[in-house]
Each structure stands twice: as C-alpha cells, then as structure tokens.
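One structure below.
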Amino acid sequence: MRNRTNDAINIAIMENEINAHDWVLNRLASELYWWIDFFNIAFFKNQPVPIPVISFKKTRVNNLGHYVIGRNAFGIRENININRIHLNRPLADILATLLHEMTHSWQAVCGKPSKSWFHNREFVLKLNGFGIICDNKGRHTDIGDPFIFLLQKHGIRFSDNSGTKEMISPSSVPKPKGDSKLKKWQCACGQKARVGKKEFHATCDLCSYKFKYIP
C-alpha cells in the first residue's frame, strides 16, 4: 500500500531539486525525474514504483548507484542514489542505472527481494524484459530493446555506430584512481602489500623472498 505521507515528502524534495537552479546538478536531477515518470508508464505500467528521492552521494568506486532499503539517513523512504563519481558517463548509461534501481524499488513493493546482495531470478527476469541483461551480481552485460528503442525515440544517442546489432555492450565504467598514500610492495610470487612507511622489511611466508617496492 502506498504511503501518502512518504509521497508528499518525496514530491516536496523532488520539487526542491527541480527548482534549485543554482545547484550544479539541477538539470540532471530534472532530467532523471522526467525519466522516472516515463519508465513508470512504459515499463512498470499498472505497478508503478513509488516516487523516489534522487541523491548524488559519492560511494565506492565500483558502485554506479543503489536503492536504499527501508529509510535513509534522513528517515525518507524510496531513495535512489546515483554515484556522483560516475556522472561523466553517457546519459543512456545513467538511465540504465536508474531503471535498474527502480526495478529494486518495484521488487521491494510488488515482488520478493533477495535476502542477500545477489540479484535473484525475479529481478533478473524483470530487468531483462526491459532490454537490460544483467547477471546475479547486478552487472549489466548487454543492453537492447525496448530500452534502446524508447531512448532513441526520445533523442538519446548511443555510442554504438553500426545501428544493426540487436544488443550493444554498455559503455565501460571509468575507474578513478584513489588518493591513497600507501606504497605498494610485492614479493617474487606476486603477493602484494601496501604500507605507509618509507621502509618496509618483510619476507613472504609463501616464497621466502623479501618484498620489493613497486613505483
């Protein structure tokens, strides 16, 4: 059952994001909220997902976005976070992430979510039906119709140049370098260690060779 109080709060936050014209992410947020309405009509139809709050918090590098289960740090339900680190991706890729997280929302309300971090069969089949193929770890392996067809109809361009393939591979995710000051050391058998000290005197228990500094 939809909670009208949650909807009212989320609508107020959505309107604030859309009207915050001095905010650097205002245009992107407005765009994504439009696509949420569109995806609800095109894909979820008679089981639309609740109105989410979109956030752009920085999370770990290998995460593109996530659906917050339950309430977030502000006590708000239905929060989809798009990792701020990866906002330089093509819009089509960001929209694929958005639809992925909306599918988590749909499953939380209408389906049976996995009890672990794995993406269960129900989730995979639902997302596959939209044209986004993913594995049980949630990684997108291919993207096709109807997702591509609908986005192209609305002026979204894809990096694939042939235009004839039924499936195209999603753009590769850039991996920003961390700012760690730890130095990398390695032994003869390939075991690695990271230490903050300039000097590191240690011997590998497996190969009995000393660790050497790797610039």
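Couple of notes before you dig in:
- Sequence-ordered 3J(HN,Hα) estimates for segment 42-53 from the Karplus curve with 6.51, -1.76 and 1.60 and θ = phi - 60° stand at 6, 10, 8, 6, 7, 10, x, 6, x, 5, x, 9 Hz, glycine and proline given as x.
- Projected over all directions and averaged, the alpha-carbon convex hull of segment 4-168 occupies 10.0 nm².
- Segment 80-135: proportion of alpha-carbon pairs further apart than 12 angstrom, %: 67
- For segment 1-78, the equivalent ellipsoid derived from the alpha-carbon gyration tensor has semi-axes of 19, 16, 15 Å in decreasing order.
- Phi-based couplings in Hz for segment 142-148 (Karplus 6.51, -1.76, 1.60; Gly and Pro marked x): 8, 10, x, 6, x, 4, 4
- Taking chymotrypsin sites (Phe, Trp or Tyr not before Pro) across segment 5-107, the ones in a DSSP loop with at most 12 further Cβ atoms lying within 10 angstrom of their Cβ are Phe74.
- Of the residues Val24, Val53, Val124, the one with the fewest other Cβ atoms within 10 Å heads the list, and the complete ranking is Val24, Val124, Val53.
- Using a Förster distance of 45 Å, the FRET efficiency for Ile18-Arg194 (Cβ separation, nearest 0.05): 0.55
- Each Lys or Arg adds one and each Asp or Glu subtracts one; over the other residues with Cβ under 14 Å from the Cβ of Phe118, this totals +3.
- Couplings 3J(HN,Hα) of segment 14-22, computed from phi: 4, 5, 5, 5, 5, 8, 7, 5, 8 Hz, in residue order, whole Hz [Karplus 6.51 cos²θ - 1.76 cosθ + 1.60, θ = phi - 60°; x for Gly and Pro].
- Scanning residues 5 or more positions from Asn120 or on other chains, those with amide H under 5 Å from its amide H are Ser114, with H placed 1.01 Å from N in the peptide plane.
- Fraction of antiparallel bridges per DSSP, segment 4-168 only, in percent to nearest 5: 75
- Distant-in-sequence amide H partners of Val53 (H built 1.01 Å from N, under 5 Å): Asn79, Ile80
- Förster-model FRET efficiency, 25 Å R0, Lys57 and Ile11, C-beta, rounded to 0.05: 0.75
Any read-out appearing in this document is the output of simple, stated calculations on the displayed coordinates, not a laboratory observation. Bear in mind the structure is a predicted one, so any value in this text is a computation, not a measurement. Cβ coordinates were reconstructed from backbone atoms using ideal geometry, including for glycine residues, and neighbour counts include every protein chain displayed.
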